[in-house]
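Working notes, beginning with the structure itself.
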Amino acid sequence: MPGRSHKPIVWGLFAGGGTVAAFLAPVMILVTSLFALAVPSALSYETMSAFAGNWLIKLILFGVIGLQLWHAAHRLRITAHDFGVRADTAVSWIVYPVAGVLTILTALFLLMI
């Protein structure tokens with residue numbers, strides 16, 4: 001069998017991250033901001049720690065943060081190409097492992113809450 005491409009995985013993460021960045025993240029920021037204006041004590045450390053301690057919230061935060069990291073990695077790769085960096089393989093070997101490590105760190109930090 002000829003070599004298989006990893007492009008569908010990268011494009012899937014890129015598309016998912018773009019969707020989250022365009023639709024979900026702004027809504028989360030708006031709702032959090034409005035809630036904080038209505039109930040100023042809602043953003044206290046104790047309240048946020050209890051909120052983020054819920055397994056469903058951890059899963060949502062992991063998805064939002066992780067997908068945006070992969071989206072950003074692919075955007076950086078494309079931007080480097082647009083700026084004339086033609087070493088696409090080298091750039092890929094930098095940005096995608098960084099996104100992977102940061103995604104793992106996100107999971108670890110969320111598990112510590």
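A short reminder: the numbers here are calculations on the coordinates, not readings from a lab. All figures in this text were calculated on a predicted structure; none of them were measured in a lab. Cβ placement follows ideal geometry from the backbone for every residue including glycine, while neighbour counts extend to all protein chains displayed.
If R0 is 25 Å, what FRET efficiency do you get for I9 and F83 from their C-beta distance, rounded to 0.05? Efficiency computed from Cβ-Cβ geometry: 0.50. Across the chain, Cα pairs under 8 Å and at least six residues apart give a relative contact order of 34 percent. With helices as the sole contributors, the chain gives -26500 deg cm²/dmol at 222 nm; each DSSP H run of n ≥ 4 counts as -39500 (n - 2.57), and the sum is divided by every residue.
Cα-based radius of gyration for the chain, normalised by 2.2 N^0.38 Å, reads 1.31. A DSSP coil position with no more than 11 other Cβ atoms inside 10 Å describes the following trypsin sites (Lys or Arg not before Pro) in segment 7-113: R86. If every alpha-carbon in segment 4-67 counts as one equal scatterer, what log10 I(q)/I(0) does Debye give at q = 0.28 1/Å? Log-scaled intensity ratios, in q order: -1.17.
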